[in-house]
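Heads up: the structure comes next, in structure tokens.
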Amino acid sequence: MNDPNGFSYYAGKYHLFYQYHPYDTCWGPMHWGHAVSSDLLRWEYLPAALAPDTACDSDGCFSGGALEAENGQHMLIYTGVSRQAQENGEVRDIQTQCVAFGDGIDYRKYHKNPVVDIKDLPADSSRFDFRDPKLWKGCDGQYYFVAANNRADESGGRILLFSSLDGLDW
């Protein structure tokens, strides 16, 4: 287990998610483990909130964030990873941003995931280095997230800002 994610307060409990591979002690397709606490001292481990089981996250559900959505559900945003062969024969991890909603125990992935992919990025962006969304709701009522991205020519990284009225269309 590694990389804590989505630390949030929802439905009267603190929620902490983390990347882990539940089937081996070696690195493998990342899931989102899930723990809850009422006091930040004693933690109860719950079943995995996310597992890599769709085309856009078939090789892992990586870093992300969480908050209470306008509809009262717990909203998760995470980096979906799928390995794909490139034109040059190299196999690379394609990274997109995906969302899921739940009740604090059970989570469902949005059926139109990914919500942000290469078509939504600046023209000079890398689809291999687009990860780690951090989510919040602004005073204006909109949802926002920032994510790390590298330029396609690998000349340098940057942080991209996205906004949405509903958390689905960015």
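Under 22 Å of direct C-alpha separation, and excluding same-chain neighbours fewer than eight residues apart, K119 reaches these lysines: K109, K134. The simple spin-label model puts a point 7 Å past each Cα toward its Cβ; for K112 and Q86 those points are separated by 3.0 nm. Per-residue surface analysis assigns K109 an accessible area of about 50 Å², computed on protein heavy atoms at 1.4 Å probe radius. When the chain is described by a simple charge dipole with +1 on each Lys and Arg Cβ and -1 on each Asp and Glu Cβ, the residue from G102, P122, G80 located farthest towards its positive end is G102.
For S63, the amide hydrogen comes within under 5 Å of the amide hydrogens of T79, D132, counting only partners 5 or more places away or on other chains and with H modelled in the peptide plane. Here segment 12-153 is treated with +1 on each Lys and Arg Cβ and -1 on each Asp and Glu Cβ, and its dipole about the Cα centre works out to around 140 debye.
Within the shell of other residues whose beta carbon sits under 11 angstrom from the beta carbon of Q73, the net charge comes to -3, with Lys and Arg scored +1 and Asp and Glu -1.
Residue ranking by accessible heavy-atom surface, 1.4 Å probe, largest first, among C61, C56, C26, C139 comes out as C139, C26, C56, C61. Each residue of segment 131-145 was assigned a 3J(HN,Hα) from its phi angle through the Karplus expression (A = 6.51, B = -1.76, C = 1.60, θ = phi - 60°), giving 8, 6, x, 10, 10, 7, 10, x, 4, 7, x, 7, 8, 9, 8 Hz with x at Gly and Pro.
Taking a point 7 Å out from the Cα of D24 in the direction of its Cβ, the residues of segment 63-85 whose backbone N falls within less than 16 Å of it are 83.
The values are calculated or read from the model by the stated rules, or taken from the named source; none is laboratory data. Predicted model only: the values in this text are computed from it and were never measured. FYI the Cβ positions are ideal-geometry reconstructions off the backbone, even for glycines, and counts take in every protein chain you see. SASA here: full protein model, heavy atoms, side chains in, ligands and nucleic acids out. Shrake-Rupley method; radii C 1.70, N 1.55, O 1.52, S 1.80 Å.
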